[in-house]
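These notes concern the structure reproduced below.
FYI, it's all coordinate maths here, none of it is from the lab. Every value quoted in this text rests on a predicted model; they were computed, and no experiment measured them. Cβ sites come from the backbone with ideal geometry, for glycine too, and all protein chains shown count toward neighbours.
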C-alpha cells in the first residue's frame, strides 16, 4: 500500500494518548498508530475482513502460501485474519499460532463444509467487502488496487486469476454473496461461482494488475 511522508504538529497530551495505543505487535509505532486511529475515525473504505481457506487435503502444501499471504495482509494494514480449517487443522494451528509472529490477530473457523460452507460461520462478522484467499499460486501484492477495480465494476464477486479454468486464488466478495451460499456443503468453484456468473455478478481481475 503506497504511503506519503507528512509533517504534522499535535498537542503533547494527544500524542501521549496515541503512544498508549502502541503495543509493538498490532500497533507497531507512532506512524502506524496515527494511521490506525485516522482510518477508524474516517471509516475509510478499506478491506477490513479477510479469511484464508485451508481445509483441503493439500493444506500441508498450502502452508507456505498461507504464510506469505499473512505477511502481505499485515503489510496491507489488516489486523485480524480468519483461517478456515479442516484437514490437518492441528498442523496449521501449530505453524501459524495466534498470529503474533505476523503482527496479526488470527482467529480460526472450524465449522462449515466445503469452500463455500466455510464462509457461513463469519457471515455475521463480514458485513462489508471482504477478502477470501483460497490458496493457489496467486496472492496480489496491492490489495488497494484490487479493491478499486472491484468497486469500479460494482459486482458481488471479483476473482484474481491468470487461468479461468483454475479458480483457486484470491476473491473479493460483497456481503450479498451469502445469499448464494446454501446451508450445508458447497464449493465456491462448482456451486457459487456459476450462480454469480448467471446473474452477471462475477468479474475477473487479470493477474497482470497484481
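Spin-label pair residue 90-residue 31: with each label point 7 Å from Cα along the Cα-Cβ axis, the two points sit 4.4 nm from one another. The value obtained for region 49-209, namely the Cα convex hull volume divided by the number of residues, is 102 Å³ per residue.
Spin-label model, residue 17 to residue 200: label points 7 Å out along the Cα-to-beta-carbon direction sit 5.0 nm apart.
The length gained by stretching the chain between residue 207 and residue 113 to full extension, at 0.36 nm per residue less their Cα-Cα distance, is 31.0 nm.
In this label model, residue 4 and residue 98 are separated by 3.9 nm, measuring between points 7 Å along each Cα→Cβ vector.
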